[in-house]
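Here the structure is laid out as structure tokens; the discussion comes afterwards.
The values are calculated or read from the model by the stated rules, or taken from the named source; none is laboratory data. No experiment lies behind these values; they were computed from the predicted model shown. No Cβ is skipped: glycine too gets one built from the backbone with ideal geometry, and neighbour counts run over all protein chains shown. For accessibility, only protein heavy atoms count, side chains too; no ligands or nucleic acids. Shrake-Rupley method; radii C 1.70, N 1.55, O 1.52, S 1.80 Å.
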Amino acid sequence: MKLSKMHFKTLREVPKEAEIPSHILLLRAGMIKKTAAGIYSYMPMGWRTVRKIESIVREEMDAKGCQEIRTSVLQPGELWEESGRWSAYGPEMWRVNDRGGREFCLGPTAEEVFTDIIRGDVTSYKQLPLSIYQISNKFRDEARPRFGMMRSRDFIMKDNYSFDRDYEGLDASYNDMYEAYTNVFTRCGLTFRPVEADTGAIGGSGSHEFTALCEYGESEIAYCDSCDLATTVEKAACVDAPEDTSEMLPLEKVYTPGTKTIDQVADFLEIPKEKTIKALLFITYNEDGSEKEYVAAFVRGDRELNMIKLVNVLGIHEYAIEFADEEKMAEKTGCVGGFTGPAGLSDCRIVVDSELTKLKNMCAGACETDHHYINMNYGRDYEADIVADIKVLREGDPCPVCGAPVKHARGVEVGQIFKLGTKYSEPMGCTYKDENQKDRPMVMGCYGIGISRTFQAIIDMPQNHDENGIIWPMSVAPYHVIVTIVKSGDADMERTGLEIHDALEAAGVEVILDDRKERPGVKFKDADLLGIPIAITAGRAAAEGRVEYKNRADSEKIEVTVEAAIRMAIEKVEKERDGRHYFNK
């Protein structure tokens, strides 16, 4: 392929909209172009890499016996009504109506459609187990699309669904996908970690999230070097502080003028923040958007509230809760902004972190301006509607498994697997007849890979970019080799460049020839920016049959013969092109 014939344009300036290295480099390298907020087009170089990621995914899915299909982006609303998710999914779902008024959505996921297909085609236990998948565009109306492909509104996703007779079969299907995903992300050149995760809107009984580790990721994971703990911070259980066995002191209301924050009240009373109680006030909503109830959540003053844990214990969706207007909430519940405590509230659901029930003589707001209580104790002075672990597991906190200090890392979620059980098969009547001709619900699993997210996350790996541009792993690089003719029109350089190009192409190496009438500096900068793994340059020494050979990953340049350059490139490509390094249990 000649670069002069390709639709190709790079940018020298950093685009204003781009905030993280991967997004910046994809735009600068001309691999994607923004169409609208959260919506991107893939240019030739970028699309080649996306297709390679898809090929790796297909190879690993097919190796596990999965079968590929393709469903429509448009999904009928009645299928979602059957599963109970039409109203429950939330504002991220794009809903549309046809000319007859029938409701559809632009598929954000495909549990309902796949379940509908299988319930119509599979009737006997003899047809199970079964696993089918697709690679297609999905749509979610993100409130704040950002970071390019990391949080976009139109994205490419591989989703597949397993259908088994029982939970033992589901476990086997789940383990197959765990291994396949490990192979996929290893071959794509990601540094990643599978972690236990919250099931979110998909539901089910268990889940693992595959997180690509990088400092710019939106996900935060907690892990322990002393045991096998690895989990998203959203999911991570916490160890409560040891129970305080000291004697309860008399409850006392004290004057604390202007102390609306935990830091202020702790400084004023000269007590550690660990002896205070933090209040967070919310309002929740019904599925129809009407107000449901006020909620007051309480954690130890030095702790942070885990919102995922809170919505889970409340049994609601994330979109159905927001911080309350304190003045409006005060009229109904008696709360006082900055001075709210767990005693004295009414018409309000009170959720108390489990740790607080073990502590003694705490300081909390008195639900009165400029006043706090000291020596407040659970059971004697206040009670809760719900007691649960609703705090964030911090770095350095004791591991809930072994007690060693946990560590945190940031990352990007590139895949997630779920044990759905019968969450969809039961309400949608997806059943099979067992050996005794008795109808039983199929036991399902769900497995997703963000293809477009993976495309961008690869670049965010520290080893896959530098100050000059992208450094693609061979397995997903748009081309394996770029051959640069330093001076267009020079007969020796052009002859040498074309000779190398043709020889590599004949050997099955994907090669692009930069024959543009551009300055050498522009060509070299573009080659580094694009991140093609091997760069061969036909310059002044071409007349003597010598060229410059460079691996993009280490940038070391050496002068070699044309024959040596061809041989070295072929050997390196053959060794690295598949990125194979399989997971073994």
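Quick one: putting +1 on the C-beta of Lys and Arg, -1 on the C-beta of Asp and Glu, what dipole do you get for the range 231-326 around its Cα centre, in Debye to the nearest 20?
140
Loop only per DSSP, at most 13 neighbouring Cβ atoms within 10 Å: give me the trypsin sites (Lys or Arg not before Pro) in the range 318-422, ordered by residue number.
R380
Which listed residue (Y319, G379, I350) has the Cα farthest towards the positive end of the charge dipole for the range 307-412, taking +1 on Lys and Arg C-beta and -1 on Asp and Glu C-beta about the Cα centre?
G379
Over all alpha-carbon pairs of the range 29-97, lay out the pair-distance distribution in 10 Å bins, whole %, shortest bin first.
15, 25, 32, 26, 1
Determine, from the Cβ-Cβ distance of E318 and S41 and an R0 of 45 Å, the FRET efficiency 1/(1 + (r/R0)^6), rounded to the nearest 0.05.
Between E318 and S41 the formula returns 0.90.
Using a 1.4 Å probe on the protein chains only, how many percent of the accessible area of the chain belongs to carbon and sulfur?
47
With all pairs of different alpha carbon atoms counted, what Kirkwood hydrodynamic radius in Å does the chain show?
27.4
Just want the answer: with Cβ charges of +1 for Lys and Arg and -1 for Asp and Glu, which residue in C399, G365, Q437 is farthest toward the dipole's positive end in the range 359-448?
Working it through, the farthest residue towards the positive pole turns out to be Q437.
I need two numbers for the range 154-200: Rg to one decimal and Dmax as a whole number, Cα atoms only, in Å.
12.9, 36
Could you provide, to the nearest whole Å², the per residue accessible area of the chain with probe 1.4 Å?
Each residue of the chain exposes 44 Å² on average to a 1.4 Å probe.
What do you reckon, how do D353, D492 stack up by accessible area (1.4 Å probe), largest on top?
Largest to smallest exposure gives the sequence D492, D353.
Could you list the residues of the range 327-348 with an amide nitrogen less than 12 Å from a label point located 7 Å from the Cα of L251 in the Cα-to-C-beta direction?
Counting backbone N atoms under 12 Å from the label point, the list is 341-345.
Mind listing the lone cysteines of the chain, meaning no other Cys beta-carbon sits under 4.7 Å from theirs?
Singleton cysteines: C66, C105, C188, C214, C238, C335, C348, C363, C367, C430, C446.
Give the lysines whose C-alpha is closer than 19 Å to that of K253, dropping any in the same chain fewer than 8 places away, or say none.
Correct list for K253: K273, K275, K278, K360.
At q = 0.11, 0.14, 0.18 Å⁻¹, what log₁₀ I(q)/I(0) does the range 240-381 have when each alpha carbon counts as one equal point scatterer in the Debye sum?
Taking Cα atoms of the range 240-381 as identical point scatterers yields -0.40, -0.64, -1.02.
Taking the Cα centre as origin and putting +1 on Lys and Arg beta-carbons and -1 on Asp and Glu beta-carbons, what dipole magnitude results for the range 187-273, to the nearest 20 debye?
340
How long are the semi-axes of the ellipsoid equivalent to the range 317-404, from square roots of 5 times the Cα gyration tensor eigenvalues, in whole Å, largest first?
Over the Cα atoms of the range 317-404, the semi-axes work out to 26, 18, 12 Å.
With viscosity set to 0.692 mPa s at 37 °C, what whole-number translational diffusion coefficient in µm²/s follows for the range 489-585 from Stokes-Einstein and a Kirkwood radius over Cα pairs?
In µm²/s, the coefficient rounds to 230.
Measure off 7 Å from each Cα along the Cα-to-Cβ vector at E435 and E304, then give the distance between these two points in nanometres to one decimal.
5.3
Please get the size of the charge dipole for the range 34-109, origin at its Cα centre, with Cβ charges of +1 on Lys and Arg and -1 on Asp and Glu, quoted in debye to the nearest 20.
400
Given the peptides 148-160, 442-454, 461-473, arrange them by the average over their residues of other C-beta atoms within 10 Å, most packed first.
Per-residue Cβ counts within 10 Å, averaged per peptide and sorted highest first, yield 442-454, 148-160, 461-473.
DSSP loop (so not H, G, I, E, B), at most 13 other Cβ within 10 Å: list which GluC sites (Glu not before Pro) in the range 371-452 pass both filters.
Hits after loop and neighbour filter: E383, E395, E435.
Only loop residues by DSSP count here, and only those with at most 11 other Cβ atoms within 10 Å; note down the trypsin sites (Lys or Arg not before Pro) in the range 23-89 that meet that.
Passing sites in the range 23-89 are R70.
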